[in-house]
Amino acid sequence: MILSALFKERTASTDTTKQLFEGLLDKSYRPAYNLALRLTGNHAEAEDLLQETYIRAYRFFHRYDQALPFTNWLYRIMSNAHIDSMRRKGRIKTTSLEQPSQNGTSTLDVADTDASPDRELLCDMMGENVQQALMTMTPDFRTAVLLADVEGLAYEEIAEVMNTSVGTVRSRIHRGRKQLRTSLLKKAPEMYGGLINEL
Amino acid sequence: MNCNAVQLKLTAYIDGELSGFEMIQVRSHLSDCASCSAEADAVRQVKWFVNNLPQNDPGEEFKDRLKSKVFAASVSRKSFSSAPLAMISTAAFVAALFCGLSYIRSTRLAQPPTTSVAPIAGDSHGNFELARDQAYASGTDPLGGAVLLTADAH
């Protein structure tokens, strides 16, 4: 009888957790999908990334602090899942070539050049160009720029999501936007020639 | 503040992430420097492009599919994680059963064996005592003792 009561209580608690998670998923899946799409560049990979993100989120839901925004916590998981996926596919190239850049750092930015023309493109022309330019960026820079400019997160929030410092976030966004500008100018100078980029 | 220092802060300035004093410094420099001002416009433009990427709505069906996969993954993970526990429980039960049966068996074996009674002269229980007495009376009973019965008393 005691066992039966304990079983009922445990089942009720599990149902409550599931309902709570479902509610949060309902509210967050659209912006989360768009972020995943911008990170991966195509719908199929975006769906995979989103699925993996929510599976991990549900698995570790007991660690989520309900006082904090759910999407920030979710994006942290997504950022990690995306990096894991990139590493598995061998798309992350890490380098520490000794070449000082303009802001005095000694790391050469090596962009992700796996922008395959076979990838599914977005319908809007400008959106297409920007999305393709995004895919040429270093993954961490791309994540930082998207979190700032699409999700509107503050630098401190981005630092928490990416598990790094505010200074590093500022640097990634600064260098990420430079990469983006370079790529846009190369792709469509007539469209983006108004950008004054004298790198 | 020189141009190099300002351009390093432009991203944070445009994102509203500088402290009040730094904001004033950068703003003051931009008002006097055409080059840095143009650079600030370029950063704003890139920010605008990313901010205005089209938003895609994956739809309700996508959401339902996502949910079913998430919760199915959760269930399969729980079943898988409980399998070792079930195996351990079963093994423990079998071990306990085996120990119990062994104990019962060993308990039975420890009992003293039932001694088989040597056949006594006489072909029935009633004739046994008579035969014994007769053996004694005739002096063939090695144990000795008084004669208890005679053939006539029977």
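The values are calculated or read from the model by the stated rules, or taken from the named source; none is laboratory data. Note that the coordinates shown come from a computational prediction; the quantities given were computed from them, not determined experimentally. Note: ideal-geometry Cβ built from the backbone for every residue, glycine included; neighbour counts use all protein chains shown. Side chains are part of the model used for accessible areas, which takes the heavy atoms of the whole protein and leaves out ligands, DNA and RNA. Shrake-Rupley method; radii C 1.70, N 1.55, O 1.52, S 1.80 Å.
Taking a ≥ b ≥ c as the square roots of the Cα gyration tensor eigenvalues, with a/c under 1.5 meaning rounded and otherwise prolate when a/b beats b/c, else oblate, which class fits region B:1-53?
Working: a/c = 2.47, a/b = 1.49, b/c = 1.66.
Because a/c hits 1.5 or more and a/b fails to exceed b/c, region B:1-53 counts as oblate.
Buried by at least 10 Å² relative to the chain on its own: which residues of region A:46-83 qualify, computing accessible area with a 1.4 Å probe on protein heavy atoms?
Correct list: A:GLU47, A:LEU50, A:GLN51, A:TYR54, A:ILE55, A:TYR58, A:ARG59.
Can you pick out the pairs among A:LYS18/A:LYS89; A:LYS187/B:LYS69; A:LYS186/B:LYS63; A:LYS27/A:LYS178; B:LYS9/B:LYS47; B:LYS47/B:LYS69 whose Cα atoms lie more than 27 Å from each other? Display every interim value, and only then the final one.
Numbers: A:LYS18/A:LYS89 32 Å; A:LYS187/B:LYS69 38 Å; A:LYS186/B:LYS63 37 Å; A:LYS27/A:LYS178 33 Å; B:LYS9/B:LYS47 15 Å; B:LYS47/B:LYS69 35 Å.
Check vs 27 Å cut-off fails for A:LYS18/A:LYS89; A:LYS187/B:LYS69; A:LYS186/B:LYS63; A:LYS27/A:LYS178; B:LYS47/B:LYS69.
Ordering A:LYS187, B:LYS9, A:LYS27 by accessible area with a probe of 1.4 Å, largest first, what comes out? Walk me through the numbers on the way to the answer.
Numbers: A:LYS187 90, B:LYS9 40, A:LYS27 165 Å².
So the residues, ranked largest to smallest area, are A:LYS27, A:LYS187, B:LYS9.
Quick one, what does Rg over Rh come out to for region A:140-188 if you take C-alpha atoms and the Kirkwood Rh? Numbers along the way, then the final one.
Details: Rg = 11.1 Å, Rh = 10.8 Å.
So for region A:140-188, dividing Rg by the Kirkwood Rh gives 1.03.
Treat each spin label as a single point 7 Å out from the Cα along the C-beta direction, and report the A:GLU22 to A:THR164 distance in nm.
Output for this residue pair reads 3.8 nm.
For a bin width of 10 Å, list the pair-distance distribution of region A:32-82 built from all Cα-Cα distances, rounded to whole %.
28, 54, 17, 1
Compute for chains A and B the buried accessible surface, both sides summed, probe 1.4 Å, and express it in Å² to the nearest 100. Numbers along the way, then the final one.
Numbers: alone 12140 and 12760 Å², together 21060 Å².
Summing both chains' loss of accessible area gives about 3800 Å².
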